[in-house]
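A short write-up of the structure that comes next.
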Amino acid sequence: MFPSITRALGCLTALFLVVGIGGCATPVSSHASNTVTPTVVKGDHVTIDMHDSTFNPATIQVMPGTTVTWKNDDLMPHTVTSGSNNQPSGLFNSGDVDQGKTFSYKFTKAGSYSYFCTYHPSMVGQVVVDGNTTSDGNMSGMDMNSSDMAHGTSSSGSDGQVASLGTGSTGEPKQADDLRLLPYKMENGYKVFHLTAEPVKWQVQPGKTVDAWAYNGSVPGPEIKVDEGDKVKILVTNKLPEGTTVHWHGLDVPFSQDGTGGISQPDIKPGQTWTYTFTVNAPAGSYMYHSHPMNDMLKQENMGLFGPFIVEPKGTGWQQVHPGYQDEYTLMVNDSPEFGYTINGLSYPATPVLPAKVGDKVLVHLINIGAMDHPMHLHGMHFQELNQDGYPLPSPITMDTINTAPGTTYDLSFVANQPGKWLFHCHIAEHVTDSNGNMTGMVTMFDVK
Ligand SMILES: [Cu+2]
């Protein structure tokens, strides 16, 4: 009775199992996309699942007249509340939707409708109502829908277009450190993620927009956050004009999943999707992913093809703060000629201000994806280095400056013990000063209140 996405997904999941789980790292040709396309029919119903505190799919495109039904698969209640940035717009508000319950709303007018859960502000979604959508119009969004996996095309919100300036793709919650958090879908015990490498315009700071190659429209790519021991599948769709791969830096995956173009696999050709499958056999800490193609690795990294991969203790859960901490931030420092000196793809004063309350214990995942050393210095408080390259040090080292090396990751901990706006910056003056002498570049701050 619902000839809808949900039903189509059921069939396509089976197809996905064949291509995705049957073999490892199976390249999925995109030309098969003609055979299966998610269908959204005018006047029909579409179902969105609320699961693991995400909307799945997070972004859909429908015809006017479509009734959308949200179903809560989580134990906790959620709401479906129109609006954005935690501000209700008043168009619709489900109130509490308990486990197993649903809420429906009929969209009659063309437009773009954002919504969120009032209990979980980072749980956001969007319904795009487009009178020009044909009956086989494709869905978009960073959700992991099985049909996309099956036919190997991207489910990126930008869908081949240039992504919005500096905003990343739709459907990925934005964290306080300005990084996007990559949603996943559980499939047969695997956390399944989807990355799309594509050209975008990236705004490093107001007035400075550059051509970038990015995962899911943002530089760095979205944070992949998993628990120790998780089984993951990461689908990588290549929308670049040349071949690429993804290397899982520091995670000690099997050779076939190492993502080294020309060594462990051929480059993923433009238009292809490649599936990486591995178990996270690494301690809780900071790792990363970046392109590692046969050709043009320097160019691809310089243009923004990198992102953080954070491992949490088992049971922590996606979107949860590391146990024992009140604040958790990831900072990727980079010195690419394309972007200049940046933290999370941004140059001061566009860098994020990182909030903390007095007394908070703060965990910082610090990753150097640049080509130079950057001694990162914290004002006002000392921190402890807990881990390096994800692995615990024999005993933490107390310091106020840590010299970060290219390709190296660090986990730092401090207690925000006095209020103030405390700079955290590279201590090489050239990396934090523009030609007019103004502070810029590799500078951010903790705002302790
Ligand atoms: Cu520096």
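Worth pointing out:
- Cross-link partners of Lys201 among aspartates and glutamates (Cα-Cα below 12 Å; sequence separation of 8 or more within a chain): Asp211, Glu338
- Per residue convex hull volume, Cα atoms of the range 327-448, in Å³: 90 Å³
- Cross-link table Lys225/Lys361; Lys101/Lys233; Lys174/Lys225; Lys191/Lys269; Lys185/Lys361; Lys191/Lys225, entries beyond 22 Å C-alpha to C-alpha: Lys101/Lys233; Lys191/Lys269; Lys185/Lys361
- Tensor-based shape of the range 180-277 (alpha-carbon gyration tensor, a/c under 1.5 rounded, otherwise prolate or oblate): oblate
- Projected label distance in nm at Met439 and Ser395, using a 7 Å step from Cα toward the beta-carbon: 3.5 nm
- Our coupling estimate for the range 218-224, obtained by passing each phi through the Karplus curve with A = 6.51, B = -1.76, C = 1.60 and θ = phi - 60°, is 10, 10, x, x, x, 6, 9 Hz, Gly and Pro reported as x.
- With Cα atoms as the point set, the radius of gyration and Dmax of the range 38-127 evaluate to 12.0, 33 Å.
- The length gained on full extension between Asp73 and Asn403, counted as 0.36 nm times the residue separation minus their Cα-Cα distance, comes to 114.3 nm.
- Theoretical FRET efficiency, 1/(1+(r/R0)^6), r = Cβ-Cβ of His382 and Asn281, R0 30 Å, to 0.05: 0.40
- Full extension of the chain between Asn85 and Lys299 yields a length gain of 73.5 nm, computed as 0.36 nm times the residue separation minus the alpha carbon distance.
- Sorted peptide list for 329-338, 311-320, criterion being average Cβ within 10 angstrom, highest first: 329-338, 311-320
- Extended-chain gain in nm, criterion 0.36 nm per residue less alpha-carbon gap, Glu242 and Met186: 17.1 nm
- Taking amide hydrogens as placed 1.01 Å from N in the peptide plane, the amide H of Val46 sits under 5 Å from those of Thr67, Val68, Thr69, each at least 5 positions away in sequence or on another chain.
- Taking His427, His322, His194 and counting other C-beta atoms within 10 Å, the order from fewest to most: His427, His322, His194
- Low-density loop cleavage sites - chymotrypsin sites (Phe, Trp or Tyr not before Pro) in the range 85-119, where at most 12 other Cβ are within 10 Å (DSSP): none
Any read-out appearing in this document is the output of simple, stated calculations on the displayed coordinates, not a laboratory observation. Everything quoted here is computed from the prediction, not taken from an experiment. Heads up, the Cβs are rebuilt from the backbone with ideal geometry, glycines too, and the neighbour counts pull from every protein chain shown.
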